[in-house]
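Some notes on the structure that comes next.
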Amino acid sequence: MELRRDIFQAIADPTRRAILSLVALQSMTPGAIAENFNTSRQTISKHIQILTECQLLTQEQTGREIFYHFNPTKMKEVADWLEPFRQMWDERFNKLETIMKKYKSKK
């Protein structure tokens, strides 16, 4: 049975974010991913499993090797969810900048 994990819990972990950054640059095997960390391969495999369950990584078997690929479509869901908050903060910072310019010109 496949576990359904929350994508936000998956990206909350710094190791998993680092794995995503690595795999976003190029497809990698679990061994190649593990070489970038000072932790056991089992620990990295668990992180990869969580990322795969969240569909942030996809896997492709080529012969004996399994390659993991970054899934930008799934990450776009996170970006789309964050967008209204980014817009809100942009508006607030723009208003603050306007106020600061007015304050500066009064001096």
For the range 70-98, how many residues meet the condition of being within 24 Å of Ala10 (Cβ to Cβ), of a type in the set (S, T, N, Q) and open to solvent by less than 90 Å² (accessible area, probe 1.4 Å)? 1
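Hey, among the residues in the range 1-40 that are of a type in the set (Gly, Ala, Ser) and exposed (fewer than 11 other Cβ atoms within 10 Å of the Cβ), which one's farthest from the chain's Cα centre (by Cα)?
Going through the range 1-40, the residues of a type in the set (Gly, Ala, Ser) turn out to be 10, 12, 18, 21, 24, 27, 31-32, 34, 40.
Going one step further and asking which of them are exposed (fewer than 11 other Cβ atoms within 10 Å of the Cβ), we end up with 12, 40.
Numbers: Ala12: 8, Ser40: 21 Å.
Taking the candidates together, the pick is Ser40.
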Filter result (open to solvent by less than 60 Å² (accessible area, probe 1.4 Å), of a type outside the set (Val, Ile, Thr) and at pLDDT 95 or above) within the range 41-69: Ser45, His47, Leu51, Leu56, Leu57, Tyr68, His69
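The values are calculated or read from the model by the stated rules, or taken from the named source; none is laboratory data. Everything numeric here is computed off the predicted structure, so don't read it as measured data. Cβ coordinates were reconstructed from backbone atoms using ideal geometry, including for glycine residues, and neighbour counts include every protein chain displayed. When the accessible area is computed, the model is the full protein with side chains, heavy atoms only, and any ligands, DNA or RNA have been set aside. Shrake-Rupley method; radii C 1.70, N 1.55, O 1.52, S 1.80 Å.
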